[in-house]
Amino acid sequence: MNKKRWIETGLLFLLMIGMASCDDNNEVAPSVGSYFVSVSGESSDYVMQIENLEDANYSINQNVFELESQIQTWLYNDNPSTVIGLIYNQANPGVGVAIQNNNENIPEVVGEFQIGSRFTNYGFFGDYAITSVGGQAPVGEDGNTLTYEDGSTRDDGISFNFINIADGSLSLTTKTMQTLNITGNGEKATNSGIVDLGNGEFLTALVCSQTGEVIEGGSSSGIVNYPDSVWVAAMDEDLNVKRIYRDDRISYASGRYRSRYYNMMSKDENDDVYVFSGSYESTSTRPCGALRINDGATDFDPDYYFNIEELTDNYHFRRIWYISRGYFLMVFYNDLEITSSSPATRFGLVNLYDKTFSWINNFPTYDEIASYGEPLVQNNNLYLPVKLEGYDPAIYKIDPSTASATRGTEIDGATNIKAIYPLRAN
């Protein structure tokens, strides 16, 4: 199965076609290398290439090209090697761009597309990059918008955008599914995360909430009446629900930041899927934890449960990234009391196989970190971009086997390193 990774950032969008350095009056030759890097400067954002992640020093003036507007989400696909940038326009249609390396191994734009709706979730499945958003008004077979019994417009639709990246066309198909009573509790759902099972199906977590009620976080979000349960749907390309995994040992499987729903699921080398919950809802009685769906299983593994919160000084986590051999990097909220916009810059490592946890040694403290970017996993290590107050941003190499970090390559003149990935010519 193709290895796929998604990268999300707060980057700038719409590429200036042409190779431009930061200062036209003092042009510097772009650096070259195996890694595509997105960086911020004082007033603009840029795309760079670098070769060394561990002990080099680059300048932002060595950029390949400049970006004009802000991208909020980057997605990376391994085969074909493609970077997709998505811009979120509040309630307006989104825009996307695809970047690949040319025959000279230099990044260039290969196409653009428009997304008809906003998005709060994203991932890869088969030949497609996918975005989705809940809280939409579904339409019946007669073409009319569906309503609730009280006559109000229904808001239980999830719209999926399937963007074909395999054939290079970037053709986009939008499909909408109804979720009213999808889990049998009478409520609507939005979705979080996409995990390709490699058999024509994908998993996506369901976040159920009360219909007709909107709270902080946008139209996808409502009042959660069942915070002590988790649901994960297995679906095919036509959005047919093949089965629903359900359990009451953890809360729903989604990280939350404002209107964003962060993926909390990942496959390991055995094709088992681990499902996390950061127990975001204050009304939940379930601690942060993880369950497992064994390869080919139709239910959660009843013998696997990991109470993560009891090892983390009761801090809750917002996001997870799989490394290898059962290790995950996790980012935790800075405070014990949290909201959808609470800062999260505490980093730790968990091993789902032996059920252990450790804060990272030789790593900046949460109050030293101004920002961080999307990590790259390579050779059983994780490379995380971090910006400390008063310093140039750097890439930290994290060795999960020792739970230790080493400060590596820096980029002078940058205010942030947003993302890194191993883009190559196809």
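Near G126: Cβ cut-off under 9 Å, other residues only, Lys/Arg at +1 and Asp/Glu at -1. The net charge is -3. Find out how many positive minus negative residues lie around A98, taking Lys and Arg as positive, Asp and Glu as negative, among other residues whose Cβ is under 11 Å from that of A98. Cβ neighbours under 11 Å give a net charge of -2.
Between rounded, prolate and oblate, where does segment 295-426 land on the alpha carbon gyration tensor, with a ≥ b ≥ c its root eigenvalues, rounded for a/c under 1.5, else prolate if a/b exceeds b/c? Cα axes put segment 295-426 in the oblate bin. Among F276, F162, F124, the order by Cβ neighbours within 10 angstrom, fewest to most, reads F162, F124, F276. Strictly over 31 Å apart at the Cα level, which of K188/K267; K175/K267; K267/K387; K355/K397; K242/K418; K267/K418 would you flag in this model? Over 31 Å apart, Cα to Cα: K242/K418. Extension gain, T365-N379: 0.36 nm per intervening residue step, less the Cα-Cα distance, totals 2.5 nm. Contact order for the chain, expressed relative to its length and based on alpha carbon pairs under 8 Å spaced 6+ residues apart, stands at 14 percent. Using the Cβ of N314 as centre and a radius below 14 Å, the other residues enclosed give a net charge of -3, where K and R count +1 and D and E count -1.
Annotation: the residues S81, S132, S279, S169, sorted from fewest to most other C-beta atoms within 10 Å of their own C-beta, follow the order S169, S81, S279, S132. Listed by Cβ neighbour count within 10 Å, with the fewest neighbours leading, L336, L86, L75 appear as L336, L86, L75.
This model, with +1 at the C-beta of Lys and Arg and -1 at the C-beta of Asp and Glu, gives the chain a dipole about its Cα centre of some 420 debye.
Please sort 340-347, 387-394 by packing, taking for each peptide the average over its residues of neighbouring beta carbons within 10 angstrom, highest first.
340-347, 387-394
Among the GluC sites (Glu not before Pro) in segment 67-169, those placed in a DSSP loop whose Cβ has at most 13 other Cβ atoms within 10 Å are E104, E141, E149.
We did not get these values from a lab; they are worked out from the coordinates using the rules stated. Because the structure is predicted, anything quoted here is derived from the model rather than measured. With ideal geometry, Cβ positions are generated from the backbone for all residues, glycine too; neighbour counts draw on all protein chains shown.
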